[in-house]
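Asks: The structure that follows is given in the form of structure tokens.
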Amino acid sequence: MKKKSITTNSGCPVNHYEDSQSVGPRGPLLLQDFFLHEKLAQFNRERIPERVVHAKGSGAFGKFVVTHDITQYTRAKLFSKVGNECKMLLRFSTVGGEKGSADTERDPRGFALKFYTEDGNWDCVGNNTPVFFIKDPKKFPDFIHTQKRHPKTNCKSPTMMWDYWSLNPESLHQVMILMSDRGTPYGHRFMNGYGSHTFSLVNANNERVWVKFHFKSDQGIKNFNDAKAEEMKGKDPDFAQRDLVEAIERGEYPRWNMKIQVMNDEQAKAFPWNPFDLTKVWPHSDFPLIDVGYFELNEIPENYFQDIEQSAFAPANLIDGIGFSPDKMLQGRILAYPDAHRYRIGANYEQLPVNRCPFAVKNYHRDGAMRMDGNGGGNPNYYPNSFDDLHEDEAYKGQPYELESNIAGYFDRNENDNDHYSQPKALYEKVMSDRDRENLVSNIVGAMSGISGPKKDEIILRQLCHWFRCSEKLGMGIARGLGVDMNKLMEFMPSHS
Ligand code: NDP
Ligand code: HEM
């Protein structure tokens, strides 16, 4: 192989890559060795801010294939024909830990999808759980603070976590899933993904239905138990990253089946809970899963930083035929993500190859740091104008829809939305196996044992009340495991119901 010269960033061949130019062999150094400065300056700027949440992640490119006709629900071109395919990207992540944290931490897992479609990029930025801890975006920063490090000790604090959860019982459903063995998945391949929010689908006749997206792992579900997850943290903190890369390099392309649940307006009105409440699922018996297609991951990007660290997913990125819903959490996320990307990556983050729509992007946005797409060349940079043929496209016009209320205000603790217990109860009593239930109790006992400090008893008792309201058997199991004095609990309970 013919050797090539190392060069400076400006392309000039370098003849001293490792030794600095100096006065005599022992130094000092000369300012004119600009390549020394280039090297050190480039190094100083290697880091961009890590994601404020979901900092530790792994990702791969793949292919999505439509296998079933859902044109009765959506006019999205991607779904217009069985057999349609598109390139896609999936980034998995943990939530609370930093970029170097262990992959097997007990945490929800991010499941962020980007479909490069001819209608534009569609991002479905979900988790491996169908629900979430809170139902109003205004709570998000407070909630996340409890999952990060304590402001004084700089350590993770079970006291903060359980204090917050016990004061926000709407978290119970998600906390139960988190505390089950699904809170420590065996890497990224053996877990499901969920769009989690309710979205809408609009068909060619402008008819709208509500929809939830599910991505079922073809590999099946496999989890670590608490002890094994703990052990793996020390043995291989990058277990999930390594597992994904090695599986794809072996040609074992992991696959997920995309399914949807669909609800019409009448069903939404009759639904016993708010269908736009992110702490609730739609039971499968009433809203069966409908097959749509599958995707498989078949390519680990050549460069992690370029394509995964700089990838930017946004719930705002929907395409024609897939729309928002009134879900307050979804609404809150619409502006939050592009804002985070502008801060983390820069104003032109959507021009990076991983984020760029491979089909034409045409508008009048111009300039800004690191513009690299030709910047519109000499074309007009204003609208309307007499020179180009860009226009607002009538074909993409959506149907206006009626809102349920015309009263604007703060509707805190939405009336009729305070049933925090029946769905976790169903999960515990009807869905989980005996082994799941045993592990759930021991995982909760292990996690709650970390609560400490002057408010320890109060926090434990308050959270126990929630477990009891969900299921007496569950509450008893946890109380016993924690060695709680039942008389104290009895005294505490009435004042906290
Ligand atoms: P179903 O029995 O029809 O569905 C139960 C679902 O629970 C399945 O999707 C299954 O996923 C999932 N599941 C199994 N074990 C666990 C676990 N340890 N943690 C989390 N999920 C698990 O019942 P319903 O649809 O009536 O729902 C009952 C309860 O199941 C809900 O209250 C909710 O807690 C949970 N659930 C429901 C989902 C839904 O969309 N309806 C989705 C996920 C959970 P899998 O197929 O992968 O085994
Ligand atoms: C990442 C905010 C709720 C899933 C992020 C990031 C922010 C954020 C700022 C970092 C983005 C970046 O720097 O690239 C919020 C806010 C929420 C919220 C304000 C509530 C209002 C949720 C929910 C889910 C979710 C409910 C899942 C159902 C994710 C995922 C990522 C992420 C998967 C990582 C995306 C990636 O891989 O790059 N969130 N989030 N978030 N969030 Fe949220």
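Asks: Residues with beta-carbon under 10 Å from that of Lys77, excluding Lys77: net charge, scoring Lys, Arg +1 and Asp, Glu -1?
Replies: Details: positive: Arg75, Lys81; negative: Glu118, Asp119, Asp320.
Surrounding charge for Lys77 is -1.
Asks: Do me a favour and compute the ellipsoid semi-axes for the stretch 315-410 from its Cα gyration tensor, root of five times each eigenvalue, largest one first, whole Å. Each step should come with its number before you reach the end.
Replies: On the way: eigenvalues 173, 85, 33 Å².
Gyration-tensor ellipsoid for the stretch 315-410: 29, 21, 13 Å.
Asks: Oh, and also: Are there any trypsin sites (Lys or Arg not before Pro) in the stretch 117-215 that are in a DSSP loop and have at most 10 other Cβ atoms within 10 Å? List them by number.
Replies: Numbers: sites: Lys135, Lys138, Lys139, Lys148, Arg149, Lys152, Lys156, Arg182, Arg189, Arg208, Lys212; in loops: Lys135, Lys148, Lys152, Arg189.
Hits after loop and neighbour filter: Lys152.
Asks: If I take the Cα coordinates of the stretch 4-60 and project them onto the principal axes, what are the three extents in Å, biggest first?
Replies: 50, 28, 17
Asks: For the stretch 167-216, what does the equivalent ellipsoid look like in terms of its semi-axes, each the square root of 5 times an eigenvalue of the Cα gyration tensor, given largest first in whole Å? All intermediate terms of the calculation are to be shown ahead of the outcome.
Replies: Details: eigenvalues 178, 61, 5 Å².
Semi-axis lengths for the stretch 167-216 are 30, 17, 5 Å.
Asks: Given C-alpha coordinates of the chain, what is the ratio Rg to Rh with the Kirkwood estimate of Rh? Could the numbers behind the result be given before it?
Replies: Working: Rg = 25.8 Å, Rh = 25.4 Å.
Expressed as Rg/Rh, it is 1.01.
Asks: I'd like the distance between the alpha-carbon centres of the stretch 433-485 and the stretch 90-108, rounded to an integer number of Å.
Replies: 25
Asks: Given the stretch 364-474, report the % of alpha carbon pairs whose separation exceeds 25 Å.
Replies: Working: 3838 of 6105 pairs.
Tail of P(r) above 25 Å: 63 percent of Cα pairs.
Asks: For the stretch 254-373, what does the alpha-carbon gyration tensor say about shape, rounded, prolate or oblate, given a ≥ b ≥ c as the root eigenvalues, a/c under 1.5 as rounded, and a/b over b/c as prolate? Present the calculation step by step, with values, prior to reporting the outcome.
Replies: Details: a/c = 2.49, a/b = 1.70, b/c = 1.46.
Prolate, since a/c reaches 1.5 and a/b exceeds b/c.
Asks: With the Cα gyration tensor of the stretch 264-332 in hand, convert its eigenvalues to equivalent ellipsoid semi-axes via √(5λ) and list them largest first in whole Å. Show your work: numbers first, answer last.
Replies: Details: eigenvalues 209, 59, 27 Å².
Three semi-axes, in Å: 32, 17, 12.
Asks: Right, here's the next one. Treating each Cα of the stretch 445-493 as an identical point scatterer and ignoring solvent, apply the Debye formula and state log10 I(q)/I(0) at q = 0.13, 0.16, 0.21 Å⁻¹.
Replies: Scattering profile of the stretch 445-493, log10 relative to I(0): -0.24, -0.37, -0.66.
Asks: Report the Cα centroid-to-centroid distance between the stretch 10-59 and the stretch 277-350 in angstrom, as an integer.
Replies: Answer, in whole Å: 36.
Asks: While we're looking at this one, here's another question. Please report, to one decimal in angstroms, the Kirkwood hydrodynamic radius of the stretch 38-164 built from all distinct Cα-Cα pairs. Don't skip to the answer; put the middle values down first.
Replies: Numbers: mean 1/r = 0.0566 Å⁻¹.
Averaging 1/r across every pair of different Cα atoms and inverting gives 17.7 Å.
Asks: Count the net charge of all other residues whose Cβ sits under 11 Å from the Cβ of Ser166, scoring Lys and Arg as +1 and Asp and Glu as -1.
Replies: Result for the neighbourhood of Ser166: 0.
Asks: Let me know the longest stretch in the chain that avoids all chymotrypsin sites (Phe, Trp or Tyr not before Pro) found in a DSSP loop with at most 10 other C-beta atoms within 10 Å.
Replies: On the way: sites that count: Tyr17, Tyr382, Phe387, Tyr410.
Segment 18-381 is the longest.
Asks: Something else: Mind checking which aspartates and glutamates have their Cα closer than 14 Å to the Cα of Lys259? Skip sequence neighbours fewer than 8 apart in that chain.
Replies: Within the straight-line cut-off, Lys259 pairs with Asp69, Asp218, Asp291.
Asks: Moving to a separate point now. Considering only C-alpha atoms, what is the centroid distance from the stretch 229-267 to the stretch 115-137, in Å?
Replies: Answer, in whole Å: 16.
Asks: Taking a ≥ b ≥ c as the square roots of the Cα gyration tensor eigenvalues, with a/c under 1.5 meaning rounded and otherwise prolate when a/b beats b/c, else oblate, which class fits the stretch 246-292? Present the calculation step by step, with values, prior to reporting the outcome.
Replies: Values: a/c = 4.52, a/b = 2.85, b/c = 1.59.
Here the stretch 246-292 falls in the prolate category.
Asks: I've got another one for you. Can you give me the Rg/Rh ratio for the stretch 154-283, using Cα atoms for both radii and the Kirkwood formula for Rh? Please report the intermediate quantities before stating the final value.
Replies: Numbers: Rg = 18.7 Å, Rh = 17.7 Å.
The Rg/Rh ratio comes out at 1.06.
Asks: Further, regarding this structure: All other residues with a Cβ under 15 Å from the Cβ of Phe132 taken together, and with Lys, Arg as +1 and Asp, Glu as -1, what is their net charge? Before the final figure, lay out each step's value.
Replies: On the way: positive: Arg109, Lys135, Lys138, Lys139, Arg182, Lys212, Lys280, Lys328, Arg333; negative: Asp107, Asp136, Asp142, Glu170, Asp277, Asp327, Asp417.
Combined, the nearby Lys, Arg, Asp and Glu give +2.
Asks: Let me have the relative contact order for the stretch 321-430, percent, based on Cα pairs under 8 Å that are six or more residues apart. List each step's numbers first, then the result.
Replies: Working: 34 pairs, mean separation 13.9, N = 110.
That works out to 13 percent.
Asks: Continuing with the same structure: Mean residue ellipticity at 222 nm from the helices of the chain, using -39,500 (n - 2.57) per DSSP H segment of n ≥ 4 over the full residue count, to the nearest 500 deg cm²/dmol?
Replies: Values: 13 runs with 137 residues, N = 497.
Counting only the DSSP helices, I get -8000 deg cm²/dmol.
Asks: Any idea how many Lys pairs in the stretch 412-497 come in under 26 angstrom at the alpha carbon, given 8 or more places apart or on separate chains?
Replies: 9
Asks: Loop only per DSSP, at most 13 neighbouring Cβ atoms within 10 Å: give me the trypsin sites (Lys or Arg not before Pro) in the stretch 225-333, ordered by residue number. Write out the running numbers ahead of the final one.
Replies: Working: sites: Lys228, Lys233, Lys235, Arg242, Arg250, Arg255, Lys259, Lys269, Lys280, Lys328, Arg333; in loops: Arg250, Lys280.
In loop regions of the stretch 225-333 (DSSP not H, G, I, E or B), the sparsely surrounded trypsin sites (Lys or Arg not before Pro) are Arg250.
Asks: Same structure, new question: In what order do Cys357, Cys470, Cys155 fall by count of nearby beta-carbon atoms within 10 Å, going from fewest to most? Before the final figure, lay out each step's value.
Replies: Working: Cys357 15, Cys470 24, Cys155 8.
Ordered by Cβ neighbours within 10 Å, fewest first: Cys155, Cys357, Cys470.
Asks: Now for a different question. What's the lysine pair count for the stretch 29-110 at a Cα cut-off below 17 Å, pairs eight or more apart or interchain? Working shown, then result.
Replies: On the way: Lys56/Lys99; Lys63/Lys77; Lys63/Lys81; Lys63/Lys87; Lys77/Lys87.
Value for the stretch 29-110: 5.
Asks: Using DSSP to call loops (not H, G, I, E or B), can you name the GluC sites (Glu not before Pro) in the stretch 27-62 whose Cβ has at most 13 other Cβ atoms within 10 angstrom? Mind dumping the intermediate values first?
Replies: Details: sites: Glu38, Glu46, Glu50; in loops: Glu46, Glu50.
Those that pass, being in a loop and sparsely packed, are Glu46.
Readers should treat all values here as calculations from the given coordinates under stated rules, not as data from a laboratory. Just so you know, these numbers come straight off a predicted model, no measurement behind them. In this analysis, Cβ positions are derived from the backbone assuming ideal geometry, glycine residues included, and neighbour counts consider all displayed protein chains.
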